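Chemist: One structure, pasted below without further comment.
The values are calculated or read from the model by the stated rules, or taken from the named source; none is laboratory data. For clarity, every value in this text was computed on a predicted model and none was experimentally measured. Methodologically, a virtual Cβ is constructed for each residue, glycine included, from the backbone with ideal geometry; neighbour enumeration extends over all protein chains shown. When the accessible area is computed, the model is the full protein with side chains, heavy atoms only, and any ligands, DNA or RNA have been set aside. Shrake-Rupley method; radii C 1.70, N 1.55, O 1.52, S 1.80 Å.
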Amino acid sequence: MVNSDPFIEKSRRLKAAFTSEKSIDLLIDRAQLERLIDPISQSVWKKIILDRYVDFKHLYVTFEKGYDHNDETKDFNEEFTIVKKDSFAKKKSVTSESDWLHLFNAWKAAVL
């Protein structure tokens, strides 16, 4: 089925242009320049930009001092991905309502 609507065709071209890996990296770089109370890591920004699920436990770990916000994984080949040890080794439980509110407000500031 061919759609002759020029607006739909333009939307498809724009989607293709902005969903390429290079475009996403540029958007992540731009997003990390935003002045937020809690800085957001590259991996979380990528999930937000691609409108994917953000694990609040991972977001919570990024609030710790010394966390490397350039935590993007690198594809080694089709089967393996290179990950920094400290990016996923740390787990921090979210136990209180104030922690959840803190996380939600950080996520909301990034999304909006």
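Chemist: I'm checking my understanding of the structure. Among residues of the range 26-71 that are buried (at least 17 other Cβ atoms within 10 Å of the Cβ) and among the small types (Gly, Ala, Ser), which one is nearest to the chain's Cα centre (by Cα)?
Modeler: Among residues in the range 26-71 that are buried (at least 17 other Cβ atoms within 10 Å of the Cβ) and among the small types (Gly, Ala, Ser), the one nearest to the chain's Cα centre (by Cα) is Ser43.
Chemist: Yes or no: the range 77-85 includes at least one residue that is open to solvent by 60 Å² or more (accessible area, probe 1.4 Å), outside any loop (DSSP other than H, G, I, E, B), hydrophobic (A, V, I, L, M, F, W, C) and at pLDDT below 80.
Modeler: Step one: of the range 77-85, the residues open to solvent by 60 Å² or more (accessible area, probe 1.4 Å) are 77-85.
Then keep just the ones that are outside any loop (DSSP other than H, G, I, E, B); that gives 81-82, 85.
Add one more test, that the residue is hydrophobic (A, V, I, L, M, F, W, C), and what stays is 82.
Restricting the remaining residues to those that are at pLDDT below 80 gives 82.
Looking through the range 77-85, at least one residue is open to solvent by 60 Å² or more (accessible area, probe 1.4 Å), outside any loop (DSSP other than H, G, I, E, B), hydrophobic (A, V, I, L, M, F, W, C) and at pLDDT below 80.
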